[in-house]
Amino acid sequence: QGTDVTREASDMVLLDDNFGTIIRAVREGRGIYDNIRKFIRYLLGCNVGEVLTMLVATLLGLPLPLIPMQILWMNLVTDGLPAIALGLDPTDQDLMLEKPRDPQEGVFAHGLLKRILFSGTAISLAALGIFVFSLWYHPGDVLLSRTLAFTTLVLAQLVFSFQCRFERYSIFEAGVLGNIYLIFAVLLSFSAQVLILYNPFLANMFQTVPLGGEDWLLVSIFAIFPLFVETVLRLVKQMVRRHFSLLKV
């Protein structure tokens, strides 16, 4: 009910007489900020994985594990859809229990950049690992090895999208059913990946070959490698913190 001068000079204007509006506004703002961090973590983590995969393979003198069409496909389809879904992620239940954020801190604060580099490196190691293994197991079959590396990258990134939903919890603690948009995005992206493997026209365009049951098993093992590493490190950190806490007591 303030005057126009008061409204213009104020930092915040309530449109009703309920101070609970402030709480809802703060919660909404925190949720938007968290989703921006999730979006950035996912896209940059995936891009770091792709760049490192190509860079390391080139430095080692290996055949290129990906062709330009495959990289474009990942950036537009298998990366884009989950990233958009992460931008619609529901707010955490304990979001309002956190301390206020320093307005001067950057978006990469609280170790976000380290998480991005770590996840990107793990995804890259998974793709390079299956690529080198396939070249060793199937000498000269670059097409199959490239298909395995390509599919591993896609699946590892789709799994990574669920990891990006939470910074304080693991995927096993938080679950994967909280964001229906992300679930549909991942299913759609995976279906699109399967399509370009088994549709002759698309397979020829993206230079892929159909994968058998053993190939899919191998891809699945390497694709969950980044998740396995992150989970183990998280458990180790929790054990170390608990140990030091007991020592302090």
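The values are calculated or read from the model by the stated rules, or taken from the named source; none is laboratory data. Predicted model only: the values in this text are computed from it and were never measured. Using ideal geometry, Cβ is built from the backbone for each residue, glycine included, and neighbour counts are taken over all protein chains shown. The area values use the complete protein model at the heavy-atom level, side chains included, leaving out ligands, DNA and RNA. Shrake-Rupley method; radii C 1.70, N 1.55, O 1.52, S 1.80 Å.
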Note on the range 1-40: residues farther than 30 Å from G80 by Cβ, charged (D, E, K, R) and open to solvent by 90 Å² or more (accessible area, probe 1.4 Å) are D4, R7, E8, D11, D17, R24
Cβ-Cβ below 6 Å, separation at least six or inter-chain, first residue in the range 3-25 and under 30 Å from T91 (Cα atoms), second open to solvent by 100 Å² or more (accessible area, probe 1.4 Å) and in a helix (DSSP H, G or I): which pairs?
V13/R7
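Could you please let me know if N35 is within 19 Å of L153 (Cβ to Cβ) and touching a helix residue (DSSP H, G or I) at 6+ places or on another chain (Cβ under 9 Å)?
no
Among the candidates F160, F131, F118, single out the residue that is open to solvent by 30 Å² or more (accessible area, probe 1.4 Å), assigned to a helix (DSSP H, G or I) and within 15 Å of E50 (Cα to Cα).
On the way: F160 fails: open to solvent by 30 Å² or more (accessible area, probe 1.4 Å); F131 fails: open to solvent by 30 Å² or more (accessible area, probe 1.4 Å).
Matching residue, one of F160, F131, F118: F118.
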Does S189 qualify as being of a type in the set (S, T, N, Q), open to solvent by less than 20 Å² (accessible area, probe 1.4 Å) and modelled with pLDDT of 90 or more?
yes
Any residue at all in the range 115-122 that's among the polar types (S, T, N, Q), at pLDDT below 85 and closer than 30 Å to R27 by Cβ?
no
Consider only pairs whose beta carbons are under 9 Å apart and that are at least six residues apart or on different chains; among these, list those whose first residue lies in the range 69-94 and is more than 16 Å from V51 (Cα to Cα) and open to solvent by 10 Å² or more (accessible area, probe 1.4 Å) and whose second residue is at pLDDT below 85 and in a helix (DSSP H, G or I).
D92/A174
Looking at the structure I just gave you, is G178 assigned to a loop (DSSP other than H, G, I, E, B) and exposed (fewer than 13 other Cβ atoms within 10 Å of the Cβ)?
no
Index of the failed condition, M96 passing every other in (1) at pLDDT 85 or above; (2) closer than 27 Å to F162 by Cα; (3) not in a loop (DSSP other than H, G, I, E, B)
(1)
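Suppose we filter L43, L66, L59, L55 for residues that are open to solvent by less than 30 Å² (accessible area, probe 1.4 Å) and among the hydrophobic types (A, V, I, L, M, F, W, C); which single one remains?
Values: L43 fails: open to solvent by less than 30 Å² (accessible area, probe 1.4 Å); L59 fails: open to solvent by less than 30 Å² (accessible area, probe 1.4 Å); L55 fails: open to solvent by less than 30 Å² (accessible area, probe 1.4 Å).
Result of the check over L43, L66, L59, L55: L66.
Taking the stated definitions as given, is F150 open to solvent by less than 40 Å² (accessible area, probe 1.4 Å), under 13 Å from the mean Cα position of the chain (by Cα) and touching a residue at least 24 places away in the same chain (Cβ under 8 Å)? So that I can check it myself, show each step before the final result.
Working: open to solvent by less than 40 Å² (accessible area, probe 1.4 Å): yes; under 13 Å from the mean Cα position of the chain (by Cα): no; touching a residue at least 24 places away in the same chain (Cβ under 8 Å): yes.
Judged against the criteria, F150 is not a match.
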List every residue pair whose Cβ atoms lie under 8 Å apart, where the two residues are 6 or more positions apart in sequence or sit on different chains, the first residue falls within the range 198-215 and is under 14 Å from S145 (Cβ atoms), and the second residue, located anywhere, is part of a loop (DSSP other than H, G, I, E, B) and not polar (S, T, N, Q).
Q207/I67
Residue within the range 34-54 that is over 30 Å from N179 (Cβ atoms) and in a helix (DSSP H, G or I) present:
yes
